1. How about region 271-291: which of its residues are among the polar types (S, T, N, Q) and in contact with a strand residue (DSSP E or B) (Cβ under 9 Å, 6 or more places away or on another chain)?
2. I need every pair where a residue in region 76-102 that is assigned by TED's automatic domain parsing to the domain that holds Val63 and within 29 Å of Asn7 (Cβ to Cβ) has its Cβ under 9 Å from the Cβ of a residue that is surrounded by 13 or more Cβ atoms within 10 Å (Cβ to Cβ) and basic (Lys, Arg), sequence separation at least 6 or different chains.
3. Can you tell me which residue within region 12-56, out of those that are aliphatic (A, V, I, L, M) and assigned to a loop (DSSP other than H, G, I, E, B), is surrounded by the fewest Cβ atoms within 10 Å (Cβ to Cβ)?
4. Identify the residue in region 317-331 that is surrounded by fewer than 23 Cβ atoms within 10 Å (Cβ to Cβ) and among the basic types (Lys, Arg) and, among all such residues, is modelled with the lowest pLDDT.
5. Residue pairs, Cβ under 6 Å, 6 or more apart or interchain, first in region 214-227 and assigned by TED's automatic domain parsing to the domain that holds Val295 and under 18 Å from Gln361 (Cα atoms), second outside any loop (DSSP other than H, G, I, E, B) and not hydrophobic (A, V, I, L, M, F, W, C). List them.
6. Have a look at Ala156, Ala166 and point out the one that is under 30 Å from Asp375 (Cβ atoms), surrounded by fewer than 20 Cβ atoms within 10 Å (Cβ to Cβ), outside the structural domain of Phe256 (by TED's automatic domain parsing) and in contact with a Ser or Thr (Cβ under 9 Å, 6 or more places away or on another chain).
7. Just checking, how many residues over region 372-401 are at pLDDT below 95, part of a loop (DSSP other than H, G, I, E, B) and not small (Gly, Ala, Ser)?
8. Just checking, how many residues over region 162-208 are hydrophobic (A, V, I, L, M, F, W, C) and either more than 19 Å from Arg328 (Cα to Cα) or at pLDDT below 95 (or both)?
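The values are calculated or read from the model by the stated rules, or taken from the named source; none is laboratory data. Since the model is a prediction, treat every value here as computed from it, not as a measurement. In this analysis, Cβ positions are derived from the backbone assuming ideal geometry, glycine residues included, and neighbour counts consider all displayed protein chains.
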Amino acid sequence: MRGDHSNVLMYSHDTFGLGHLRRSRTIAHALVEHSKQLNVLIVSGSSIAGAFDFRARVDFIKVPSVIKLYNGNYTSLAEHIDLSDTLHMRRAIIQSAAEIFRPDIFIVDKEPLGLKGELEPTLAYLKMCGCRLVLGLREVLDGPELLRAEWAKTNALKRVEELYDAIWVYGCERFYNPLHGLDVPPRVLSRMQYMGFLRRTESQTPSLAAEQLPSAYVLVTVGGGGDGAPLMHQVLAAREIDPGYPLPIVLVLGPFMNRDERQGIHDRAAYLNDVTVIDFDNRIETLMTNASAMVSMGGYNTFCEILSFDKPALLVPRTFPRREQAVRAQRAAEIGLVDILDADLASNPRLMAGALRALLQRKRPSESGTRIDLDGLERISSTVEDYLAKPSERRLELIPA
C-alpha cells in the first residue's frame, strides 16, 4: 500500500475465447466498487480487450496476442511475427508492468506459470518484493486425466506450492473441485479457498441490440464463438423442422467466429421467420436479462450468468480439446440446474428440436431445490480488503528501518 491507495495487478493470458478477460474484468469492477482506494491493472492477451468498457480505476495493458490451435500448439495472432519473438515481448511487458505498477496483490487467472511459463520471472520478482500472489481458478479446469497430464509437463503443483500465497476457486466445494484427480500437496490444499460463483448483473449501459428484439425469446450464445458454429447450425436445423416453435430465437455469434462460418449462419437464418442473428454484443448481459431461456455450450461465464439471471437453460457442451464444459454441464444437470444434450445427439435435428421444446417447460435454477453460492465477488472483495489491512510480512521486511 502506498499512501492512500493500493494496487492490484491481474493476469489474463487469453489464448482462446473471451472467458479469462470477462472473468478478470468482472472481478476488477467488483474490487474498485468495494474500495475507492484501489487501482486495478489487467494484463491481457485478448485481441478485443478494447471492445469492452472499463470502470474508473480499472485499466488494461494489451500484450501481443497468441492463439491456441485445436492441436494444442500456439501461434502468434500476427502471422508476420515469430512465436518466440511474441513470447519474448509478452514476458518483457509483463515484467515491466509489475516493476512500474508495484502491486500489493497479483491475481493470476487459471495458468499458474502463465502462457509457456512467461510469468515465472515476474512471480519470483513480486514474491521477493512482498506482493501477495493469488492463483484464481474457475471451478472446473478440465477432465482429471487431461489436467493431470497438462500440469505434469510444467511441474505446476510444485510451483504453485512454492510461489502462491492463496488459491481462490471461483465456485463452491459441493459443486466441483478444480484439482480433482490430482495428488495435491497438503500445503496447497490449505491455501485453497472456495469463494463462490461470480454473480453477474445487468450492464449499466443498455445494449442497443436489445431495443430491437421481441419481449420474449430464446437466447443462443457461444461466448467468443471460435468453436460455436456447430451449435448455431444445430439450433437452426431444429428450427427448420419445427416451424411452429412458439418463441423467437436470437443467436449471438461472438467476435471470434470466422467470416465464412458467420456468413453461413446469416444466410441460413435469413430463410427462417423469428430468427435474429447478432454478431457480437459487448453488453450481452442485457440480452440475457430479457431472455425467456438460454442455450449455451456451458462455459464458465455463461454458466454464472444463467445462475445469476435465473434462466432455464439447455447446455450442449463441447468435449474437445478440453472437457471442462462437459464436466460442468454434467454436474449441473445432476443437481437439477440445467438440461443437457450431448453435442453428437444435438446434430440430430429432431432430438435438438425436442430439447428446445422441453426447454420451454424447464424450471429456473432457483426452483431446482439446489442452492448455489453466488457471493464470490463479495467474498473476493472482502478478502482483498483483509489482505491490504494486514500487509504481507515479506513486504514489511523490505521497508527500511
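1. Taking region 271-291 and keeping what is among the polar types (S, T, N, Q), we get 273, 276, 282, 286, 289-290.
Across region 271-291, the qualifying residues are Thr276, Asn290.
2. From residues that are assigned by TED's automatic domain parsing to the domain that holds Val63 and within 29 Å of Asn7 (Cβ to Cβ), the pairs are Leu87/Lys116; Arg90/Lys116; Arg91/Lys116; Ile93/Lys62.
3. Of all residues in region 12-56, those aliphatic (A, V, I, L, M) come to 18, 21, 27-28, 30-32, 38, 40-43, 48-49, 51, 56.
Retained after the next criterion (residues that are assigned to a loop (DSSP other than H, G, I, E, B)): 18, 48, 56.
On the way: Leu18: 27, Ile48: 17, Ala56: 8.
Filtering region 12-56 for residues that are aliphatic (A, V, I, L, M) and assigned to a loop (DSSP other than H, G, I, E, B), the one surrounded by the fewest Cβ atoms within 10 Å (Cβ to Cβ) comes out as Ala56.
4. Top of the filtered list is Arg322.
5. none
6. Values: Ala156 fails: in contact with a Ser or Thr (Cβ under 9 Å, 6 or more places away or on another chain).
Step by step, each of Ala156, Ala166 is checked, and only Ala166 is under 30 Å from Asp375 (Cβ atoms), surrounded by fewer than 20 Cβ atoms within 10 Å (Cβ to Cβ), outside the structural domain of Phe256 (by TED's automatic domain parsing) and in contact with a Ser or Thr (Cβ under 9 Å, 6 or more places away or on another chain).
7. 5
8. Start the filter on region 162-208 by keeping residues that are hydrophobic (A, V, I, L, M, F, W, C), which leaves 163, 166-169, 172, 175, 179, 182, 184, 188-189, 192, 195, 197-198, 208.
Subset that is either more than 19 Å from Arg328 (Cα to Cα) or at pLDDT below 95 (or both): 163, 166-167, 184, 188-189, 192, 208.
So the count comes out to 8.
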